[in-house]
1. What do you get for Rg/Rh over the chain if you use C-alpha atoms and the Kirkwood form of Rh?
2. Is there a pair in Lys105/Lys274; Lys45/Lys237; Lys237/Lys331; Lys45/Lys71; Lys105/Lys132; Lys105/Lys267 whose C-alpha atoms are over 27 Å apart, and which pairs would that be?
3. How would you rank Lys285, Lys71, Lys331, going from fewest to most other Cβ atoms within 10 Å of each one's own Cβ?
4. Please give me, ordered by residue number, the GluC sites (Glu not before Pro) of the stretch 315-380 that lie in loop per DSSP and have at most 14 other Cβ atoms within 10 Å.
5. Quick one: among Lys218, Lys266, Lys105, which has the greatest mean-square fluctuation in a GNM of the chain with alpha-carbon springs under 10 angstrom?
6. For q = 0.15 Å⁻¹, what log10 I(q)/I(0) does the stretch 169-208 give under the Debye formula with an equal point scatterer on each alpha carbon and no solvent?
7. Between Cys66, Cys58, Cys222, find the one with the highest GNM mean-square fluctuation for the chain; connect C-alpha pairs within less than 10 Å.
8. Using a/c under 1.5 as the rounded threshold, could you call the stretch 9-168 rounded, prolate or oblate? The axes a ≥ b ≥ c are square roots of the C-alpha gyration tensor eigenvalues, and prolate needs a/b larger than b/c, oblate otherwise.
Amino acid sequence: MAQGGACSWEDIFGQEVAVEHLRSMLRRGDVPHALLFTGPRGVGKFTTALVVAAALLCPTGEADGCPSCRKAAARVHPDLHIVEPEGMSIRVERIRELEGLLSRKAVEGRGRVVVVDEAQSMTAEAANAFLKTLEEPHPETYIILVSESRENLLPTVVSRCREVRFASIGTGELEEYLVNREGLAPGEARSLARRSGGIFGRAVLWARYPEAAAYWRKGVECAALMRRLTLREALAKVESCRRELHELRLEGGGESVEAYLSALDKKSAERLRKRREEEASRRDKRARRLAAHDFLDGMASFYRDIMLLILVGEEGGEVGDTLLLNPEWRKELAREARHLDARGVRGCLERLQEAGRALDANVDEELLFSHLVLELRSRC
Ligand SMILES: [Zn+2]
């Protein structure tokens, strides 16, 4: 999320407690040298980390949209270091590289901020190296770790951070937000809130950029065709989706970033540009992994709808459109529900869940997807 460079407190929704806590730390000049942001996926932890970073680096001490703040938002501030997983994990080399950067002086002289996103994805070696960074803090350096929960981190890392908890955002609140802030019609907001699995960041992304939901929709389509295609066709279809995932690229920083880079002296511009390119390639990899998850979630949504039709049908009831995640596929869903039984569909859903976990465990994707096709077909 937060590709666009949002960077004010107003961009954070539904986190009044965390925001007030952080703003008062900033006002009092009492920001601990290591913070840990925990809370469900997609509720704004990373966006908030960027806002806090902007405030810490800003000459006025506020996230006020000045040139320094805009650089932080665009992630080109020379004293802001963002560490995020490359593919699946944050490796020890990345932490060593960070240590090297921190051993130098701050470029603009107002301290430095390190944001570690998905901190739980540090390898054991990386986490141990990072522990040293936490134990022997560099002067004027703030570290913000972002993770869904503290349980997935080394206790020794957690104990050195002050935790700030982010609340989950209910589907009701999410729907309201989509109607009031994103201008969606109520019906559309309800369906989007449910399709996104109630994940705030994902729902907002899909509301703003409908094309971002493309991989989810491809998943639905593949699931709908799974049983009707020959094995060869099904494998080819899934493989072509997988290839498309690999062509996914995020767009670059835009004109303002280029203007900023060209205003710098040659050496620092080059260094910053190189760092940006490396970051962009890491983000592309990560975006591909998230898109692959969207694809699997899209498939699962189709099987979940079939399951609902089977179970309600057994009781002689009807399923209204609002209960389906994919009402536009009703005809295909009804056909599949007549053909499949609950046990088979449950098996498919379990397989998709396992595939999601395997994706995060760095298995060969081509193998994973073709194996998945075989498994799904054997259950239908
Ligand atoms: Zn500022």
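1. Answer for the chain: 1.01.
2. Table pairs above 27 Å Cα-Cα are Lys45/Lys237.
3. Lys331, Lys285, Lys71
4. Here the GluC sites (Glu not before Pro) that fit, given the DSSP loop and packing criteria, are Glu315, Glu318.
5. Lys266
6. Scattering profile of the stretch 169-208, log10 relative to I(0): -0.22.
7. It is Cys66.
8. Oblate is the answer for the stretch 9-168, as a/c is 1.5 or above yet b/c matches or exceeds a/b.
Values in this text are rule-based calculations from the coordinates and carry no lab data. Note that this is a predicted model, so its numbers are computed, not measured. Cβ coordinates were reconstructed from backbone atoms using ideal geometry, including for glycine residues, and neighbour counts include every protein chain displayed.
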